[in-house]
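The values are calculated or read from the model by the stated rules, or taken from the named source; none is laboratory data. Just so it is clear, the model here is predicted, and its values are computed rather than measured. Cβ placement follows ideal geometry from the backbone for every residue including glycine, while neighbour counts extend to all protein chains displayed.
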Amino acid sequence: MRVGVDLWMVPGAGNVLGASYVADFAADLYFREGLAVEAGDAFSVARNSVKYAADGSGSFTPFAAGIAARTDRGLSVEPASSNLLTDPVRLSAWLAVAASATPLPMPLLGIFAEPMLLTGTGGTAVDRLRHPTTSSVSNGASYALSYWFQPTVTPTMVAMAGGDGARSRLTISVATAGELGLLAGRGTMTLARLVPHGAGVYCAQVLWTPNFSGVCEISMGPGTGVLRDTIGLLGAFMEPGTAFTGPMIGTGAASSRAADRVTLHLPAGTHELIFTFDDMTTQVIAGAVGDYAVPTDLDRPVIRSVIAMPE
């Protein structure tokens, strides 16, 4: 991994360092052998489902099957995945436990149509909003949980996962982007990353390994145990495995997303590819030829640009 350079800041970037091919997905500009070409001549996309990708403001846009998920951040390339939660963003279907839930006045980030302000009324650390108990887990398996929330006065959130009458809870600090404490009643929970988005929204990416099999409970709350503390809640997603990918939204049923099959139409010859991601880090892959299939397991899922250098 190395820090990348936005080559489109340099005049004549299509010919930088003798590049044979350049695709700047963020700017929607493409070159083959120094000549500007249309997007369809530079790459193609096949995907058998809708998907969502975030722009630079953090707002998500839906892209129909077969349409490149390209925003001002770049091109989103992800593997197939599934979301086991049946109502990830329809918070009116969730149950407030020792708390009251009030609808927030407007949707957030394009996909969270029913955000709620949760107010703890029980004065405990488990005051929460709970997803319907419609999903099941397996003992010892790994699950990637994404909790979306908007902190209020108290900059904390408690992520909960459990079942069979008990739960694990992980308290997370927004100020430090770290863990404040774990009660592992139903398996280990680990904060993988706290990701800031637009509109003051955060996504806590949590890995959970349950110690039971059966129907599970996924919930979240302020986590302070202080009566009347509040938190803005947007939704949650649960993917099997340890990879966190983009949102998948169903209503009353689990949902899935097909893999992005992206093909770069490279000029003749063998090339070294330099992928620059949305955070300006890079990854280099050698030996690319012809119509090159972009891997879905690159270092990051959002590709800002690709430069091909003849080998």
Tally time: how many residues in segment 289-311 are part of a strand (DSSP E or B), surrounded by 16 or more Cβ atoms within 10 Å (Cβ to Cβ) and free of Cβ contacts under 8 Å to residues at least 60 places away in the same chain? 1
Check whether at least one residue in segment 69-92 is surrounded by fewer than 16 Cβ atoms within 10 Å (Cβ to Cβ), farther than 30 Å from R300 by Cβ and either outside the structural domain of T282 (by TED's automatic domain parsing) or under 20 Å from the mean Cα position of the chain (by Cα) (or both), and report yes or no. yes
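When the residues of segment 112-138 are filtered to those that are of a type in the set (G, A, S) and within 22 Å of the chain's Cα centre (by Cα), which remaining residue is surrounded by the most Cβ atoms within 10 Å (Cβ to Cβ)?
The residue in question is S135.
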Can you name the strands (runs of 3 or more DSSP E) wholly within segment 203-282 that have at least 3 residues being among the hydrophobic types (A, V, I, L, M, F, W, C)? 214-221, 230-240, 261-277
Report the residue count in segment 242-281 for those that are surrounded by fewer than 22 Cβ atoms within 10 Å (Cβ to Cβ) and aromatic (F, W, Y). 2
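Let's see how each residue does on (1) more than 20 Å from the chain's Cα centre (by Cα); (2) modelled with pLDDT of 95 or more; (3) under 29 Å from P79 (Cα atoms); (4) surrounded by 24 or more Cβ atoms within 10 Å (Cβ to Cβ):
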position: V153; (1), (2), (3), (4): yes, no, no, no
position: G165; (1), (2), (3), (4): yes, no, no, no
position: S173; (1), (2), (3), (4): no, yes, no, no
position: T190; (1), (2), (3), (4): no, yes, yes, no
position: G223; (1), (2), (3), (4): yes, no, no, yes
position: L227; (1), (2), (3), (4): yes, no, no, no
position: L233; (1), (2), (3), (4): no, yes, yes, yes
position: P240; (1), (2), (3), (4): no, yes, yes, no
Of (1) in a strand (DSSP E or B); (2) in the same structural domain as Y143 (by TED's automatic domain parsing), A286 fails just (2)
Say whether the condition of being free of Cβ contacts under 8 Å to residues at least 60 places away in the same chain and either among the small types (G, A, S) or closer than 23 Å to R90 by Cα (or both) is met by at least one residue in segment 128-137. yes
Would you mind finding the one in T251, T230, T245 that is in the same structural domain as S168 (by TED's automatic domain parsing), in contact (Cβ under 8 Å) with a residue 40 or more places away in the chain and closer than 18 Å to A159 by Cα? T230
Here is a list of conditions, (1) in contact (Cβ under 8 Å) with a residue 12 or more places away in the chain; (2) closer than 22 Å to P88 by Cβ, and V195 meets all of them except one; can you say which number that is? (1)
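Can you list the strands (runs of 3 or more DSSP E) lying wholly within segment 79-118 that have 1 or more residues being closer than 25 Å to A243 by Cβ and touching a Ser or Thr at 6+ places or on another chain (Cβ under 9 Å)?
Counting at least 1 such residues, we get 81-83.
Conditions tested, residue by residue: (1) surrounded by 15 or more Cβ atoms within 10 Å (Cβ to Cβ); (2) within 13 Å of the chain's Cα centre (by Cα); (3) closer than 26 Å to G120 by Cβ; (4) not basic (K, R).
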position: G181; (1), (2), (3), (4): no, no, yes, yes
position: V195; (1), (2), (3), (4): yes, yes, yes, yes
position: G200; (1), (2), (3), (4): no, no, yes, yes
position: I218; (1), (2), (3), (4): yes, no, yes, yes
If the Cβ limit is 6 Å and pairs must be 6+ apart or interchain, which residue in segment 93-109 that is closer than 12 Å to L234 by Cα pairs with which residue that is among the small types (G, A, S)? P107/A113; L108/A199; L109/G58; L109/S59
